[in-house]
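Trainee: Below you will find the structure I want to go over with you.
No lab work stands behind these numbers, since they all come straight from the coordinates. The structure presented is a predicted model; accordingly, all values stated were derived computationally and were not measured. Here the Cβ positions follow ideal geometry from the backbone for every residue, glycine too, while neighbour counts run over all protein chains shown.
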Amino acid sequence: MTLNIFSKRSRGTVLLTGTPGFLGCNILDQLLSLTDVEIYLAIRAQSQAEATARIKQKYQFYFAKNLDTV
């Protein structure tokens, strides 16, 4: 029996907290790369626009790639 842990899997929906941090951003990257799940992010901010800008900035910082293109 062969187990391919790198194939894309669909598990439904994920709520991810702590995303702007190093570990949370890495988990987000893995979820985007390895799954087709619908991901909800809980990010502290004054508005949705501020939260979106914050996670985009952190993702760019950690991975040197644009979150919009992933």
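Trainee: Less than 14 Å Cβ to Cβ from Gln48, Lys/Arg counted +1 and Asp/Glu -1: what total charge do the surrounding residues give? Each step should come with its number before you reach the end.
Mentor: Numbers: positive: Arg44, Arg54, Lys56; negative: Glu50.
Value of the local net charge: +2.
Trainee: Right, here's the next one. Tell me which trypsin sites (Lys or Arg not before Pro) from segment 28-70 have a DSSP coil assignment and no more than 14 other beta carbons within 10 Å of their own. Mind dumping the intermediate values first?
Mentor: Numbers: sites: Arg44, Arg54, Lys56, Lys58, Lys65; in loops: Arg44, Lys65.
Loop-located and lightly packed - Arg44, Lys65.
Trainee: Taking the Cβ of Thr69 as the centre, find all other residues whose Cβ is under 14 Å away and add up their charges (Lys, Arg: +1; Asp, Glu: -1).
Mentor: Values: positive: Lys56, Lys65; negative: Asp29, Asp68.
Combined, the nearby Lys, Arg, Asp and Glu give 0.
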